[in-house]
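Structure, as structure tokens:
The values are calculated or read from the model by the stated rules, or taken from the named source; none is laboratory data. Being a predicted model, the structure only gives us computed values, none of them experimental. Using ideal geometry, Cβ is built from the backbone for each residue, glycine included, and neighbour counts are taken over all protein chains shown.
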Amino acid sequence: MNLEIEETRLTSEIDALARFSDAEAPAVTRVVFTEQDRKARVWLKERCREAGLNIREDAVGNTFARWEGSKPELPAIATGSHIDSIPHAGRYDGVVGVLGGLEAIRALQSRGFQPRRSIELIIFTSEEPTRFGIGCLGSRLLSGALAPDAAAVLRDDEENTLEVVRHRAGFTGPLDRIQLQSGAYSAFVELHIEQGPILEQEKIGLGLVTSIAAPASFRVRIDGEGGHAGGRLMPGRRDALCAAAEIILAVEGAALAGGAVDTVATVGICEVHPGAINSIPSQVQLGIDLRDTDPARRDIAQGRIELVCREVAERRGVSIAMETINSDPPAQSSPEILAALTTACEKEGCRFRAMVSRAYHDSLFMSQIAPVAMLFIPCRGGVSHRPDEYSSPLEIARGVRVLARTLATLADGESQS
Ligand code: GLV
Ligand code: MN
Ligand code: MN
């Protein structure tokens, strides 16, 4: 089967989606359930309808665009990713898996392929933790990893609950109807940019993801004592930001201490109260992201951070509370889907290598209810979560071609040509 990927259409659709943004180009800011997210969803559903796909949305806005197979009673196969972005991001993270998935379906349709199993394109809600503090909101609910009651009370920065925000966005059904049963899909394959430098450095066009690292995140609240920056002398101060500074460095140290390249730790949030130049910080909130391919080693790093929090609290006379936001297991890819991806790469004559995903993805949670695997394409300089994120049309088209072939195999269909 000779697959034609319409590179120009795909590039112009990626550009079109990037225009639904609250940041000035080339940056993209598209946070879940904002006006830009709403408009992007409308635009995308129109593209899916044009391709003859039937659309269903669940109570949190996960969107399922289905190409009905000749045996619709069989568990479907699925592909997809997310279209929300972190603030000041680029245009490829998630989007390549969604628009690339749609293009793969269109390429199969134009070859006259008839799937036996239905093929669904899934657009997951809020893979990014930006608004509600937890990543993969949609896929967590789909898999049952997040309980509906716990989801309903998640709050954004303006103290609006998910329950209120999703209703305002028009998603009103019961949250407890979102979860899918294990076996609902016979396979899920996600196309994504690598978000790391390996493929580019090794000049290899495709990465076959064999496992996804285990992510965890924590909120640390430090309460000290505020006061006048001039009037209050240095002895006896209980400056919450000075305590935070020690913890931030300890987080970096905790990742480095084990000597494993796969342990990574980041403090991406530091909110200082009251945030005035002439006022001693009385309270600081930190957001810590900690990941490892080996969850036991991740837990050791977490233990190191907790120890430092206790020690700093005692020595500086501040109170420190560390709360776990999420602590998830890693995911392993399905050997059958990896075999289908391998064959597709070989048929397309593409060089590929096996790799680990250190970023998390909706596949992490889909793996709890379905066999999964991921396909990575290179991104320039390994850069992601930045406006200068870039993958070339050629690299994207290569990924889409291999994805399309893999979907054809998994959907167990017939080609008319
Ligand atoms: C996904 O965006 C991640 O943070 O890995
Ligand atoms: Mn991301
Ligand atoms: Mn992503």
> In segment 196-214, which residues are surrounded by 20 or more Cβ atoms within 10 Å (Cβ to Cβ), among the hydrophobic types (A, V, I, L, M, F, W, C) and under 30 Å from Ala250 (Cα atoms)?
Replying inline: Ile212, Ala213, Ala214
> Of the residues in segment 92-116, how many are buried (at least 24 other Cβ atoms within 10 Å of the Cβ) and in a loop (DSSP other than H, G, I, E, B)?
Replying inline: 4
> Quick one: Gln36 ticks every box in (1) assigned to a helix (DSSP H, G or I); (2) within 16 Å of ligand 3 (Cβ to nearest atom); (3) over 18 Å from Ala184 (Cβ atoms) bar one, so which box is it?
Replying inline: (2)
> Which condition number in (1) on the phi < 0 side of the Ramachandran plot; (2) surrounded by fewer than 21 Cβ atoms within 10 Å (Cβ to Cβ) is the one that His385 fails?
Replying inline: (1)
> Which of the residues spanning segment 86-134 are out of contact with any His (no Cβ under 7 Å at 6 or more places or on another chain), among the aromatic types (Phe, Trp, Tyr) and closer than 30 Å to Val153 by Cβ?
Replying inline: Phe132
> Is one or more of the residues making up segment 104-112 over 21 Å from Ile14 (Cβ atoms) and away from ligand 2 (no atom under 16 Å from the Cβ)?
Replying inline: yes
> Which helices (runs of 4 or more DSSP H) does segment 320-417 wholly contain that include 2 or more residues that are within 16 Å of ligand 2 (Cβ to nearest atom) and not charged (D, E, K, R)?
Replying inline: 362-366
>> Based on this model, can you work out whether Ala18 counts as under 20 Å from the mean Cα position of the chain (by Cα), surrounded by fewer than 18 Cβ atoms within 10 Å (Cβ to Cβ) and either within 29 Å of Gly133 (Cα to Cα) or within 16 Å of ligand 2 (Cβ to nearest atom) (or both)?
In response: no
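Could you go through segment 342-350 and let me know if any residue there is over 15 Å from the mean Cα position of the chain (by Cα) and within 23 Å of Pro87 (Cα to Cα).
So the first thing to find is which residues in segment 342-350 are over 15 Å from the mean Cα position of the chain (by Cα), and the list is 342-350.
Filter once more, so that each one left must be within 23 Å of Pro87 (Cα to Cα): none.
The answer is no, given that none of the residues of segment 342-350 is over 15 Å from the mean Cα position of the chain (by Cα) and within 23 Å of Pro87 (Cα to Cα).
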> Hey, does segment 80-90 have a residue that's modelled with pLDDT of 95 or more, farther than 22 Å from Ile5 by Cβ, of a type in the set (A, V, I, L, M, F, W, C) and surrounded by fewer than 17 Cβ atoms within 10 Å (Cβ to Cβ)?
Replying inline: no
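Inspect all residues belonging to segment 307-317 and state whether any of them is away from ligand 3 (no atom under 16 Å from the Cβ) and not in a helix (DSSP H, G or I). Let's see the steps before the verdict.
Step one: list which residues in segment 307-317 are away from ligand 3 (no atom under 16 Å from the Cβ), which gives 307-317.
Narrowing the set further to residues that are not in a helix (DSSP H, G or I) leaves 317.
For segment 307-317, residues away from ligand 3 (no atom under 16 Å from the Cβ) and not in a helix (DSSP H, G or I): present.
Condition (residue is within 14 Å of ligand 1 (Cβ to nearest atom), in contact with a Cys (Cβ under 7 Å, 6 or more places away or on another chain) and touching a residue at least 60 places away in the same chain (Cβ under 8 Å)) applied to segment 113-121: is it met by at least one residue?
Going through segment 113-121, the residues within 14 Å of ligand 1 (Cβ to nearest atom) turn out to be none.
No.
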> Which residue pairs have Cβ atoms under 7 Å apart, sit 6 or more places apart or on different chains, and have a first residue in segment 32-44 that is under 15 Å from Arg131 (Cα atoms) and free of Cβ contacts under 8 Å to residues at least 24 places away in the same chain and a second that is part of a helix (DSSP H, G or I) and of a type in the set (Val, Ile, Thr)?
Replying inline: none
> Which ones in segment 252-284 are of a type outside the set (A, V, I, L, M), under 22 Å from Gly224 (Cβ atoms) and assigned to a strand (DSSP E or B)?
Replying inline: Gly268, Cys270, Glu271, His273, Ser279, Gln283
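Scanning segment 180-195 for residues that are away from ligand 1 (no atom under 16 Å from the Cβ) and either on the phi > 0 side of the Ramachandran plot or among the aromatic types (Phe, Trp, Tyr) (or both), which turns out surrounded by the most Cβ atoms within 10 Å (Cβ to Cβ)?
Let us first name the residues in segment 180-195 that are away from ligand 1 (no atom under 16 Å from the Cβ), namely 180-189.
Filter once more, so that each one left must be either on the phi > 0 side of the Ramachandran plot or among the aromatic types (Phe, Trp, Tyr) (or both): 183, 185, 188.
Details: Gly183: 9, Tyr185: 23, Phe188: 27.
Going through the qualifying residues, I end up with Phe188.
Would you mind stating whether Ser217 is hydroxyl-bearing (Ser, Thr, Tyr), surrounded by 19 or more Cβ atoms within 10 Å (Cβ to Cβ) and either under 30 Å from Arg398 (Cβ atoms) or touching a strand residue (DSSP E or B) at 6+ places or on another chain (Cβ under 8 Å) (or both)? It would help to see each step written out before you state the result.
Working: hydroxyl-bearing (Ser, Thr, Tyr): yes; surrounded by 19 or more Cβ atoms within 10 Å (Cβ to Cβ): yes; either under 30 Å from Arg398 (Cβ atoms) or touching a strand residue (DSSP E or B) at 6+ places or on another chain (Cβ under 8 Å) (or both): yes.
Yes, satisfied.
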> Inside segment 122-147, can you point out the residues that are within 15 Å of Ala184 (Cβ to Cβ), crowded, with 24+ Cβ neighbours inside 10 Å and more than 12 Å from ligand 1 (Cβ to nearest atom)?
Replying inline: Ile122, Gly138, Leu141, Leu142
>> Here's a check for you: in segment 153-193, which residue that is touching a helix residue (DSSP H, G or I) at 6+ places or on another chain (Cβ under 7 Å) and charged (D, E, K, R) is farthest from Val60 (Cα to Cα)?
In response: Glu190
